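The values are calculated or read from the model by the stated rules, or taken from the named source; none is laboratory data. Quick caveat: nothing in here was measured; it's all calculated off a predicted structure. For neighbour counting, all protein chains shown are included, and Cβ atoms are generated from backbone atoms with ideal geometry for every residue, glycine included.
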Amino acid sequence: MSTEPDTDDPTPGMVECRVCKTEVPEGEYCGLCGIPLSEHRADGPGWLRATAYSASPGEHLFRPNIVSSLFPHLSPGSRKPFLVGLLVILAALVATSLFRLPAALITVAALGLPLLFLIYLQESDVYDDVPTGTLVATAGLGIGLGVGWVLWTGAVVAQAYDVGLGMGIAGSRILRDGLGVPIGGVILMLVPALVVRLVRPGQREALDGFAIGALGALMFTAAAQMTRLSPQFAGGMIARSRPMNGLIVEAGIRGVAVPLTAAAVGGLIGTVLWFTRPENKKHQHRHYVRLVVAVFALVILVLYAGLGLVDVARMPQLLQLTLHLGVAAAALLALRVGLHLALLHEAHDEILSDQPLLCQHCGHVVPDMAFCVACGAATRASSRSSRQARRDIRPVRVEPGADDA
């Protein structure tokens, strides 16, 4: 019997990943490709990894979580304040509708989510990772284009907004007002991200692109809504004659569905523009992930533009609200899947598997690799500033009894 060691066996503490066929540290997940090291029936295809969302691995990919989808940089402990913020916006929309305060309703609807997103950029260190000039240019372009677009198309759609939701515009103007204006608005909503990508892209990471794309889209939508609905400010603080149902539907569409859809679409496009493949995979299905995410964005764009026909047609108000919220839900799901695929397949930082790193998602000390071997979180799901800070002060192993020596 031979006593020679089996050279095919992995190094102690190392295993071979069943997908990328690379020797990686032991754990629940491969530190290089992020796939579970042990195969389970519920995992689905390896390229998807549906059981663990890359930005929040404790959640299933298809779990409907607005906070982890819309604010992907945040660690689990930082998400609760943003959930509270979303609930405060919703409560404010309901209150302004019940008390028939149209001016306050418009203000909350237009500015609520954009302001919360600006707070997210601060909390997630995007202000540190992305140059201030880039963020200012993105927001400025979005605001300028939003105001300019409404002023230019104001005469076209003024009647539709003046008569209120559900009353419609008849005749040959439906196609022009219901499709032309929304499609033009959707295209302009994406211009800030496109311009920034061409002029000053900076370091390209998928979540940076998401932040820039969503910021530009939210600023455009907020500016457009404030400008378009500003004539209602002259109608007095309390609108006693307006039906309560109409105000509630308007709050749901203007304050919930429209900004959520805009953020999701803009974020998806930004993710596509800033996505990069790893050096060792640049020639392997190089456009696959970018194409899939772009198709998601295109489908949502078509649905979003098609809602213009809903707004000008004579449809029951409840049906209008349902359709708008349905498109918003589809947009958030597409955003979640798009971000997950981008984080799973994009380029990663230098692999230092012999160096320890604290995972901000699960709190374990793991090898410094593209994915946490304990929970599967993508390392790039956290900001560059956070990653650098944790690498500057790495965890140190303390041997038992060392303090007694």
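Observations
- Going through (1) touching a residue at least 24 places away in the same chain (Cβ under 8 Å); (2) under 19 Å from the mean Cα position of the chain (by Cα) one by one, Phe99 falls short only on (2).
- The requirement of being in contact with a strand residue (DSSP E or B) (Cβ under 8 Å, 6 or more places away or on another chain), under 20 Å from Pro76 (Cα atoms) and part of a loop (DSSP other than H, G, I, E, B) is satisfied by Cys375.
- Count - residues of region 119-139 that are in contact (Cβ under 8 Å) with a residue 24 or more places away in the chain, assigned to a helix (DSSP H, G or I) and not polar (S, T, N, Q): 11
- Residue match in region 203-218 (condition: within 26 Å of the chain's Cα centre (by Cα), at pLDDT 95 or above and polar (S, T, N, Q)): no
- The listed residue being within 18 Å of the chain's Cα centre (by Cα) and outside the structural domain of Glu23 (by TED's automatic domain parsing), out of Ala334, Ala378: Ala334
- Residue selection: Ile183 satisfies the criterion of being under 24 Å from Leu318 (Cα atoms), assigned by TED's automatic domain parsing to the domain that holds Val126, modelled with pLDDT of 85 or more and in a helix (DSSP H, G or I).
- Matching option when the condition is in contact with a Phe, Trp or Tyr (Cβ under 7 Å, 6 or more places away or on another chain) and either of a type in the set (Asp, Glu) or at pLDDT 95 or above (or both), among Val84, Val67, Val88: Val67
- When Gly34, Gly85, Gly77 are checked against the criterion of being of a type outside the set (A, V, I, L, M), loosely packed, with under 14 Cβ neighbours inside 10 Å and either outside any loop (DSSP other than H, G, I, E, B) or in contact with a Gly (Cβ under 9 Å, 6 or more places away or on another chain) (or both), Gly77 stands alone in meeting it.
- Hits in region 212-256 - residues which are under 26 Å from Leu268 (Cα atoms) and either in contact with a His (Cβ under 6 Å, 6 or more places away or on another chain) or hydroxyl-bearing (Ser, Thr, Tyr) (or both): Thr221, Thr227, Ile253
- Some residue of region 300-310 being aromatic (Phe, Trp, Tyr) and farther than 30 Å from Asn245 by Cα: no
- Single residue of Leu335, Leu357, Leu325 found to be buried (at least 19 other Cβ atoms within 10 Å of the Cβ), hydrophobic (A, V, I, L, M, F, W, C) and in a helix (DSSP H, G or I): Leu335
- For region 1-44, the tally of residues that are touching a Leu at 6+ places or on another chain (Cβ under 8 Å), more than 19 Å from Thr379 (Cβ to Cβ) and modelled with pLDDT under 90 stands at 1.
- Which numbered condition Pro72 misses (of (1) touching a residue at least 24 places away in the same chain (Cβ under 8 Å); (2) part of a helix (DSSP H, G or I); (3) under 20 Å from Ala329 (Cα atoms)): (2)
- Conditions (1) within 27 Å of Phe99 (Cβ to Cβ); (2) in contact with a Phe, Trp or Tyr (Cβ under 9 Å, 6 or more places away or on another chain): number failed by Val293: (1)
- Taken over region 128-140, residues that are more than 14 Å from Asp208 (Cα to Cα) and crowded, with 21+ Cβ neighbours inside 10 Å amount to 1.
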